[in-house]
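Below: the structure, in structure tokens.
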Amino acid sequence: MDVLIRADYDQMSKTAASRIADLVRKKPDCVLGLATGGTPIGTYKELIRMHREEGLDFSKVRTFNLDEYLGIGRDLDKPYPQDQSYARFMYEELFKSINIPLKNTRVPDGLSKDPEAFCVEYEEAIRAAGGVDLQLLGIGGDGHWAFNEPGTSLASKTHIEALTRQTLDDNYELFYKGAGFSRDDMPHFAITMGIGTILSAKSLIMLANGKKKAGVVSAALEGPITSQVTSSAIQMCAGKATVILDEEAASSLRNIEFYQHKEKLKATL
Ligand code: PGA
């Protein structure tokens with residue numbers, strides 16, 4: 001696992017976007033695993049800039065998103081942010097501003113009539129696409145990856161998950177409150193890729209920024225591997241995981257100096 005520490009959110013986002021852009025240039029029909037939340041927005045903005053100013057071409061890229069709330073899906077009649085689906089988030093924050101055909105983008109279908117069957121189909125679709133080449137991830141306040149809340153098996157595949165109070169509170173503050181929803185209106189379940197699904201990606205980039213993530217980042221990276229902090233599964237990603245942090249999110253790590261030293265050494269290889 002490589003841990004890259006950047007001065008601030010902007011630098012973290014630029015480093016992540018440049019890694020994604022490298023892959024898109026090298027493999028134009030790559031499969032990207034994408035994340036929602038506040039953390040990746042800067043990365044998406046930088047990818048949009050690269051598309052506009054540098055011609056970064058997404059026309060053959062395919063994407064699979066990590067998760068979606070159960071019971072909601074993109075509502076074409078409602079503008080953002082009243083439509084709080086992750087499908088809408090992806091459209092507004094990335095897809096509408098790059099040249100990716102929407103048919104190449106998949107977000108779990110929160111409106112599926114048979115969500116259990118949908119989960120099986122989603123796994124199959126990822127496999128049929130050849131697997132995810134690069135999975136982008138944030139980390140939740142409770143240590144989750146996607147919506148894999150504490151106690152989820154580290155071998156889990158796409159499934160339906162009940163959301164913790166902390167996740168509901170975090171997401172309410174970030175998105176729902178501003179859109180005029182009451183806390184009770186929030187969906188309490190989600191469809192999410194499992195930790196096993198995420199670990200099967202060929203490479204992973206995990207992002208975290210801000211002081212409030214410092215404790216959980218240190219638990220995930222330097223604590224025990226445990227289903228109580230599902231992102232601690234990153235420690236099982238031999239040679240394929242990169243963690244990109246701003247200085248605040250990195251501030252509780254024990255081995256900061258070593259991570260910085262290793263990055264400099266690797267640059268000389
Ligand atoms: P955030 O969420 O990016 O909004 O902090 C991260 C997550 O829940 O994975």
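The values are calculated or read from the model by the stated rules, or taken from the named source; none is laboratory data. These numbers were taken from a predicted model, which means no experiment stands behind them. All Cβ positions, even for glycine, are placed from backbone atoms using ideal geometry, and neighbour counts span all protein chains on display. Surface areas here come from the heavy atoms of the whole protein model, side chains and all, with no ligands, DNA or RNA. Shrake-Rupley method; radii C 1.70, N 1.55, O 1.52, S 1.80 Å.
Overview of results
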quantity: Computed [θ] at 222 nm, deg cm²/dmol, the chain (DSSP H ≥ 4; -39,500 (n - 2.57); rounded to nearest 500); calculated: -10000 deg cm²/dmol
quantity: Long-range tail of P(r) for region 2-267 (Cα pairs > 26 Å, %); calculated: 38
quantity: Dipole magnitude (debye, nearest 20) for the chain, charges at Cβ of Lys, Arg, Asp, Glu; calculated: 820
quantity: Neighbourhood charge, 12 Å Cβ-Cβ cut-off, centred on N65 and excluding it, Lys, Arg +1 and Asp, Glu -1; calculated: 0
quantity: Selected from S85, S156, S231 as most flexible by GNM, with the chain as the system and alpha-carbon contacts under 10 Å; calculated: S156
quantity: Mean Cβ neighbour count within 10 Å, used as a protection proxy, ranking 18-26, 5-13 highest first; calculated: 5-13, 18-26
quantity: Among N209, N148, N255, residue whose mean-square fluctuation peaks in a GNM of the chain (springs only between Cα atoms under 10 Å); calculated: N255
quantity: Mean Kyte hydropathy of -1.0 or more with a Cα span along the axis of at least 24 Å, helices from DSSP in the chain; calculated: 9-26
quantity: Size of region 136-200 as Cα extents on the principal axes (Å, biggest first); calculated: 38, 20, 17
quantity: Calculated P(r) tail over 13 Å for region 210-266, as whole % of Cα pairs; calculated: 62
quantity: 1.4 Å probe accessible area per residue over the chain, in Å²; calculated: 44
quantity: Equivalent ellipsoid dimensions for region 15-80 as semi-axes, Å, which come from the Cα gyration tensor, largest first; calculated: 24, 14, 13
quantity: Accessible area in the full protein assembly, largest first, 1.4 Å probe, for Y259, Y176; calculated: Y259, Y176
quantity: Accessible area of region 1-110 belonging to carbon and sulfur atoms, whole % at 1.4 Å probe; calculated: 49
quantity: Average silhouette area of region 66-216, convex hull of alpha-carbon atoms, in square nanometres; calculated: 9.5
quantity: Max mean-square fluctuation residue, GNM over the chain, Cα-Cα springs under 10 Å, options P115, P79, P28; calculated: P79
quantity: Given K14/K78; K96/K177; K27/K240; K157/K202, the pairs whose alpha carbons are separated by over 20 Å; calculated: K14/K78; K96/K177
quantity: Projected-area mean, region 7-145, by convex hull of Cα positions, square nanometres; calculated: 9.1
